[in-house]
Amino acid sequence: MLKLTANEAVPGCVFALVLVYAISAEWLGSVAGITGSYLLGYVFAGSRYKAQVERSFHALGHGLLIPLFFVSIGLSSDYRALSGHWGLMLAILAVAVIGKLVGCGAAALACGMDWARSARVGCGMISRGEVGLIVTAMGASTGIFDRPEVAVMVAVVLLTTLLTPVALRGAFRLKSVQDVVEGLVEPDPALGEVDRVQETA
């Protein structure tokens with residue numbers, strides 16, 4: 001008896017399960033669909049099918065789904081709707097930047113990093129990427145966000161993405177004693193870093 005073979009049977013079944021988990025998360029759990037998809041990914045992360053699923057989903061995501069998602073976001077954005085909403089955009093941008101700097105920077109500081117390294121962590125987390133766009137798309141599809149709100153959120157995502165490398169460049173110019181102690185940079189005698197390193201050692 002001949003057996004039928006399917007080259008992408010496992011990724012196909014996993015993709016179907018992703019849709020089931022996402023729909024179940026929204027309908028049964030009243031949470032975002034990406035939460036259900038994440039849980040399924042966490043389950044398969046420890047399975048023997050991880051490499052096969054990861055390879056197939058990388059090709060499917062980067063070749064089709066992710067470009068379509070960004071195109072749909074671009075089509076739903078109208079930057080002319082920002083007119084009269086500049087104050088709201090600046091306020092959300094300030095909250096997005098300060099929230100990451102304070103929240104992530106304070107967590108890094110509490111974990112034992114110095115001020116310079118904590119600032120680097122906070123600056124590196126400023127960018128709001130795909131998740132912010134997903135939330136925006138969900139808000140637009142459910143009618144929570146109108147065109148001005150969608151334009152504001154997309155603009156904030158773009159601005160934080162552009163701001164992050166600039167902020168990181170400035171943060172990495174800050175002198176960190178821990179960098180000197182670990183031998184990542186040479187101590188500067190003019191700043192007294194040699195004495196501080198010797199005291200730390």
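The values are calculated or read from the model by the stated rules, or taken from the named source; none is laboratory data. A quick note: this is a predicted structure, and the numbers were derived from the prediction, not measured. Heads up, the Cβs are rebuilt from the backbone with ideal geometry, glycines too, and the neighbour counts pull from every protein chain shown. Just so you know, the surface numbers come from the protein's heavy atoms only, side chains and all, with ligands and any DNA or RNA stripped out. Shrake-Rupley method; radii C 1.70, N 1.55, O 1.52, S 1.80 Å.
The table for this structure:
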item: Area of Ser30 that stays accessible when all protein chains are in place (1.4 Å probe, Å², to 10); result: 100
item: Leu133, Leu65, reordered so the largest accessible area comes first (probe 1.4 Å); result: Leu65, Leu133
item: Solvent-accessible area of Cys13 with every protein chain in place, 1.4 Å probe, in Å² to the nearest 10; result: 80
item: Solvent-accessible area per residue for the chain (1.4 angstrom probe, square angstrom); result: 67
item: Net charge dipole size for segment 22-178 [Lys, Arg +1 and Asp, Glu -1 on Cβ; Debye, nearest 20]; result: 640
item: Listed residues Trp27, Trp86 arranged by accessible area, highest first, probe 1.4 Å; result: Trp27, Trp86
item: The chain: relative contact order as a whole-number percent, Cα under 8 Å and 6+ apart; result: 17
item: Probe 1.4 Å - accessible area at Met153, Å² to nearest ten; result: 60
item: Karplus (6.51, -1.76, 1.60) ³J(HN,Hα), θ = phi - 60°, over segment 65-76, in Hz, Gly and Pro reported as x; result: 5, 5, x, 5, 4, 5, 5, 5, 5, x, 5, 8
